[in-house]
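The values are calculated or read from the model by the stated rules, or taken from the named source; none is laboratory data. All figures in this text were calculated on a predicted structure; none of them were measured in a lab. Cβ coordinates were reconstructed from backbone atoms using ideal geometry, including for glycine residues, and neighbour counts include every protein chain displayed. Note: areas computed on protein heavy atoms with side chains; ligands, DNA, RNA excluded. Shrake-Rupley method; radii C 1.70, N 1.55, O 1.52, S 1.80 Å.
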Amino acid sequence: MARRTDTIGARIRYWRMRRSGMSQAVLAGLSGVSQFYISQVESGRKTIDRRSTLVAVAAALQVTVADLLGQGAEPGDPARDSAAESVPAIWSALIEIEDGERRPATRAREELAADIARSDELRTSANYPAMARLLPGLLVEAAATSGVALVQAAYQASTCLRHLGYRHLALNAARIAVSAAEEAEDPAWLGAARFAYAQSLPIESAPLAARAADRSLAALQAGAADERVRQMLGQLHLSAALTSTVSGRPDVARDHLAEATREAAGLGDPPDGAGFNGCGFGPTNVRLWEMSIAAELGEGGRVIELSRTVRPQVLAAANRRMSYWLDLGRALAENGRSDAEALAAFVRAEQAAPAPFALNPLAQDAVVTMAQRARRRAIPDDLRMLAGRMGINLAA
């Protein structure tokens, strides 16, 4: 199996040299950071912790954030490699649906509902490779039935594709979900579909994602008597809070976070840990998003402080539990003085959701950075094993 050796810093250096040997000083000036910071990132001694910095560096280098993250471009990711053979068929199904073609249904409604439920179970456990294998047939069958079934299948496809790094296809699936939800005239599912759309937009489009969430919030207010709609309103507030933070609008982010907090306090955590569409909206999920927002603001201490107030195990979705441990691990690894605790957090993140953790470029960079710090001594066995499971070659 191929082994990944490139870090975000290595890719930044590659693209910088492709730009007629642009100096680190020039790149730093264009990106709004220091030359020392660029030097530390390129050498692997520091990670990029903020999405807004990734956007600025990518813009300065005239590439996409996906180019810097290596998403969809590098072999050797077991999860992505396992799913990759299903992606062309998923893409074909999405094109077929977007073009308005509908095949005759071959499954009874009860069978289709069972298949959708099975796919949703895989989404809850973050088993995206297995989910990808179900999606081509599921999408075609759901399109034949239309209505909420198509919203659910397209939403699931969008989530799966986004986590596997195929964000452009995730956006196509989200658009299908939105159209199907509008046709079904179901406000709660429309909220879910629009949440998927906002989540699927590239990081560079954070301002657009925030505006899209705002429009969706306004459109859903009329249905707020429905608890399912309230849960999706909360999720959209959280999405808008994070994207507003990335866009450099912390005041707007605070307002959205306050609204989400108020909504969550009224609803409480879902008794089954999942809630409508498995989003798990409630006080616990709000705290998890608050941790991510603090990480985006570069407030590692705040991330650690918030982590003490959260019990991620009350949520059913594996990727939300992973998010908790990943944000905590990155915060602990930030200064290099808590690498043992950071490693323990990363191991917990991997245990919660192995596939998305292994595919996460920020997790990969944090592990490589910790390993490089440990080279002066000896790389701990736990760290070496974790890197191996992520496909990272520490010998390179």
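Quick notes
- Scanning the range 326-338 for residues that are surrounded by fewer than 24 Cβ atoms within 10 Å (Cβ to Cβ) and either free of Cβ contacts under 8 Å to residues at least 24 places away in the same chain or among the hydrophobic types (A, V, I, L, M, F, W, C) (or both) gives ARG337, SER338.
- Residue check for GLN221: touching a Phe, Trp or Tyr at 6+ places or on another chain (Cβ under 6 Å) and among the polar types (S, T, N, Q): no
- Figure legend. Inter-residue proximity from the range 308-321: first residues without any contact (Cβ under 8 Å) to a residue 24 or more places away in the chain, second residues buried (at least 20 other Cβ atoms within 10 Å of the Cβ), beta-carbon distance below 7 Å, spacing 6+ or different chains. Indicated pairs: GLN313/ARG321.
- Among the residues of the range 129-145, at least one is in contact with a Pro (Cβ under 8 Å, 6 or more places away or on another chain), surrounded by fewer than 19 Cβ atoms within 10 Å (Cβ to Cβ) and either aliphatic (A, V, I, L, M) or not in a helix (DSSP H, G or I) (or both).
- Looking only at the range 339-360, and only at residues there that are of a type in the set (Gly, Ala, Ser) and within 19 Å of the chain's Cα centre (by Cα), the one that is surrounded by the fewest Cβ atoms within 10 Å (Cβ to Cβ): ALA358
- Scanning the range 262-311 for residues that are open to solvent by 10 Å² or more (accessible area, probe 1.4 Å), over 23 Å from ARG194 (Cα atoms), assigned to a helix (DSSP H, G or I) and not small (Gly, Ala, Ser) gives ARG302, ILE304, GLU305.
- Pairs with Cβ under 9 Å, 6+ apart, first in the range 210-227 and under 18 Å from ARG254 (Cα atoms), second assigned to a helix (DSSP H, G or I) and acidic (Asp, Glu): LEU217/GLU259
- The range 298-329, residues that are more than 17 Å from the chain's Cα centre (by Cα) and polar (S, T, N, Q): SER307, THR309, GLN313
- When restricted to residues that are in a helix (DSSP H, G or I), of a type outside the set (D, E, K, R) and open to solvent by 10 Å² or more (accessible area, probe 1.4 Å), the range 219-240 contains 6.
- Among the residues listed as GLY29, GLY100, the single one being modelled with pLDDT under 90 and not polar (S, T, N, Q): GLY100
- Selected residue (only one of SER179, SER216 is under 16 Å from ILE97 (Cα atoms), among the polar types (S, T, N, Q) and either open to solvent by 20 Å² or more (accessible area, probe 1.4 Å) or in a helix (DSSP H, G or I) (or both)): SER179
- Test: VAL65 is aliphatic (A, V, I, L, M) and more than 18 Å from ALA366 (Cα to Cα): no
- Residue match in the range 156-173 (condition: crowded, with 22+ Cβ neighbours inside 10 Å, small (Gly, Ala, Ser), in contact (Cβ under 8 Å) with a residue 60 or more places away in the chain and closer than 17 Å to ALA93 by Cα): yes
- Test: ARG194 is closer than 27 Å to GLU121 by Cα, open to solvent by 30 Å² or more (accessible area, probe 1.4 Å) and either free of Cβ contacts under 8 Å to residues at least 24 places away in the same chain or part of a helix (DSSP H, G or I) (or both): yes
- One residue stands out in the range 241-255 among those that are touching a residue at least 40 places away in the same chain (Cβ under 8 Å) and closer than 16 Å to GLU290 by Cβ: the one that is most open to solvent (accessible area, probe 1.4 Å), namely PRO250.
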